[in-house]
Amino acid sequence: MSLLDNFGQPAIRQQLDTILSGNRMPHAMLFYGEPGSGVLPGALSLANDILCTSPVNGKACRQCTSCNRASKNIHPDLHFLLPLAGAKSLSTAFYEPWREAIAKNPWLNVFQWTQFCDVEGKQVDIHKEDIQHVTSDLSLEAFEGGNKVIIIWMAQFLAREGNRLLKLIEEPPDYTYFILISNQRERLLPTIRSRCMQIYFPPMEESEILKLLVDEYGTDKKSAAVLAKQSVQDMGRALTLSTNTLMDFKDEMADWFRAVISKKGKEIATWSDQMGKQDKEEQKQFVLYAIAFVRNILWAFSNDDQKKEVVEGAEMIKYLHEHYHPEVWHHISRGLETAHEKIARNANAKLMWLSLSITIKNQLMAYRLQHINA
């Protein structure tokens, strides 16, 4: 079974099937949730259904020529608008690297996309020229005489340029469908949101992540179980962990805990300032790394089998496991999860990291094991 049929959100897939079978497909939809929740695979799946020339109860047959092309993201009537660096950049010029990127990881986030395009650290947006170029293409007849689909990935990057799409979304060309994807729905113009049928993608269940790792990516069940636990309900993270492509935050993690444990205020402030200056997506990736790291402390040394799975940061994990009461890691994990939400909501990053660091310092002091204090 391919990701087109199973993208880890069975309830949403069922909802889409109901819409399709009832012939009630809206001309504009907004899928929102974190990238690791399956918003892009869900959009690609629906696009395949819409483009199929021989649908069964509204759902793609997965066998016709249109389905074959759509499954490879090379269908001539499947268009994308992407966040890019440079006001003159056009999404069509990046279709090849985009196809390569999502073939490797359809759960990727904006930060990973900028890394893939080698524009890390540069400002990306969906620009006016790109919108005009794509909308011009949409005004033409479909190449295969059927439907046309445009997927606007990370639609929050439309910013003010979103007004250029309003009329087109209100009065789309015949047989044209818009699928907007965002992990910051609140940044979309209210006038655009109101014209879309909105579907929320919640964080993925651990069991669904495990299933995808085994069925789609050939991961053995034992390793998949460990990866699913470390994923923090993020399939993208699980996949990057399984392929060893996750950014290495080991040094940043060590510096942070070294400063916190030593209770050196200047070092804590310096680290918080430096982390707060990083790209928002990089900060979110670090938080996910830290949550998985903390969870390792809780369960990695509980038995011999799990002990074998721990490689990265094993010495540091062992030290923290032996010197602090397990209860503290539950508090720290919840604090990190809250930090992830605050970063996504554009909180003042420097202050947030400083506050979190001081809170963790105090928690570690309170939960240091008595035999260590003695």
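The values are calculated or read from the model by the stated rules, or taken from the named source; none is laboratory data. Owing to the predicted nature of the structure, the values given are computational and were not obtained by experimental measurement. Using ideal geometry, Cβ is built from the backbone for each residue, glycine included, and neighbour counts are taken over all protein chains shown.
Brief remarks follow.
- Across region 116-129, a minimum of one residue is classified as part of a helix (DSSP H, G or I) and more than 26 Å from Ala238 (Cα to Cα).
- Any hit, region 170-180, residues being surrounded by fewer than 19 Cβ atoms within 10 Å (Cβ to Cβ), under 30 Å from Arg345 (Cα atoms) and without any contact (Cβ under 8 Å) to a residue 60 or more places away in the chain: yes
- Every condition in (1) part of a helix (DSSP H, G or I); (2) modelled with pLDDT under 80 is met by Leu320 except one, and the failing one is (2).
- Yes/no for Leu30 being assigned to a loop (DSSP other than H, G, I, E, B), under 18 Å from Ala155 (Cβ atoms), in the same structural domain as Arg185 (by TED's automatic domain parsing) and of a type in the set (A, V, I, L, M): no
- In region 328-355, the residues that are polar (S, T, N, Q), surrounded by 13 or more Cβ atoms within 10 Å (Cβ to Cβ) and touching a residue at least 24 places away in the same chain (Cβ under 8 Å): Ser333
- Cross-chain or 6+ apart pairs with Cβ under 8 Å, region 189-202 first and farther than 24 Å from Glu161 by Cβ and touching a residue at least 24 places away in the same chain (Cβ under 8 Å), then in a helix (DSSP H, G or I) and of a type outside the set (Lys, Arg): Phe201/Ile12; Phe201/Ser37; Phe201/Val39; Phe201/Gly42; Pro202/Ser37
- Phe301 at pLDDT below 90 and assigned to a helix (DSSP H, G or I): no
- Residue match in region 147-155 (condition: aliphatic (A, V, I, L, M), over 23 Å from the mean Cα position of the chain (by Cα) and either in the same structural domain as Val287 (by TED's automatic domain parsing) or more than 27 Å from Lys342 (Cβ to Cβ) (or both)): no
- Candidate set from region 28-75 (those that are among the aliphatic types (A, V, I, L, M) and touching a Gly at 6+ places or on another chain (Cβ under 9 Å)); member that is surrounded by the fewest Cβ atoms within 10 Å (Cβ to Cβ): Ile50
- Qualifying positions in region 142-167 - surrounded by fewer than 19 Cβ atoms within 10 Å (Cβ to Cβ) and within 16 Å of Ile131 (Cβ to Cβ): Ala159, Arg160, Glu161, Asn163, Arg164, Leu166, Lys167
- Residue list for region 344-361, filter: in contact with a Lys or Arg (Cβ under 8 Å, 6 or more places away or on another chain) and either modelled with pLDDT of 85 or more or outside the structural domain of Ala259 (by TED's automatic domain parsing) (or both): Ala349, Lys350, Met352, Lys361
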